[in-house]
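To start, the structure itself, in structure tokens.
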Amino acid sequence: MNAEALIVLLYVLVLASFVGFELISKVPPTLHTPLMSGSNAISGITIVGAILAAGPMEHSVSKWLGVAALFLATLNVVGGYVVTDRMLKMFKKKR
């Protein structure tokens, strides 16, 4: 990786951090948990990247990192759905 690519990646990281902070700070505190659980579910995109990284048949470090990323991303997605389901049950009226 050359210096120009690293600078572009750092620029994207800083810009994404700033935009994320501004967006989260504008959301009322009562909606933080549903927003975070929804964003955890969206992180399923990580699963696609992890599958691509774990795909090659060779035994390499990237394959094992891909398998670990696949496991952790799956936990994140399942946890996001569990938290969302739990939050939705809190808003249902009790009979």
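The values are calculated or read from the model by the stated rules, or taken from the named source; none is laboratory data. All values reported here derive from a predicted model rather than from experimental measurement. With ideal geometry, Cβ positions are generated from the backbone for all residues, glycine too; neighbour counts draw on all protein chains shown. When the accessible area is computed, the model is the full protein with side chains, heavy atoms only, and any ligands, DNA or RNA have been set aside. Shrake-Rupley method; radii C 1.70, N 1.55, O 1.52, S 1.80 Å.
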Open item on the list: From Cα pairs below 8 angstrom and at least 6 apart in sequence, can you work out the relative contact order of the chain, rounded to a whole percent?
Closed with: 29
TODO: Roll a 1.4 angstrom probe over the protein heavy atoms and tell me the percent of accessible area of the chain that is carbon or sulfur.
DONE: 76
Task: At least 27 Å along the helix axis (C-alpha) and Kyte average at least 1.6, DSSP helices within the chain - done: 3-26
- [ ] For residue 75 and residue 15, calculate 0.36 nm times their separation in residues minus their Cα-Cα distance, and state this gained length in nm to one decimal.
- [x] 18.9 nm
TODO: Using a 1.4 angstrom probe, figure out how much accessible area the chain has per residue, in square angstrom, rounded to the nearest whole.
DONE: 84
Open item on the list: Just to be sure I understand the model, the point goes 7 Å from the Cα along the line to the Cβ. What's the resulting residue 52 to residue 8 distance in nm?
Closed with: 1.5
- [ ] First check a/c for segment 29-90, with a ≥ b ≥ c the square roots of the eigenvalues of its C-alpha gyration tensor; if it is under 1.5, answer rounded, and if not, answer prolate when a/b is larger than b/c or oblate otherwise.
- [x] prolate
- [ ] Report the full-extension gain for the segment residue 30 to residue 67: residue separation times 0.36 nm, less the Cα-Cα distance, to one decimal in nm.
- [x] 9.8 nm
Task: Estimated [θ] at 222 nm from DSSP helical runs (n ≥ 4, -39500 (n - 2.57)) normalised by residues in the chain, nearest 500 - done: -27500 deg cm²/dmol
Task: Net length gained if the chain between residue 60 and residue 89 were fully extended (0.36 nm per residue, minus Cα distance) - done: 6.0 nm
Task: Loop-located GluC sites (Glu not before Pro) in segment 1-70 whose Cβ has at most 13 other Cβ within 10 Å (DSSP) - done: 58
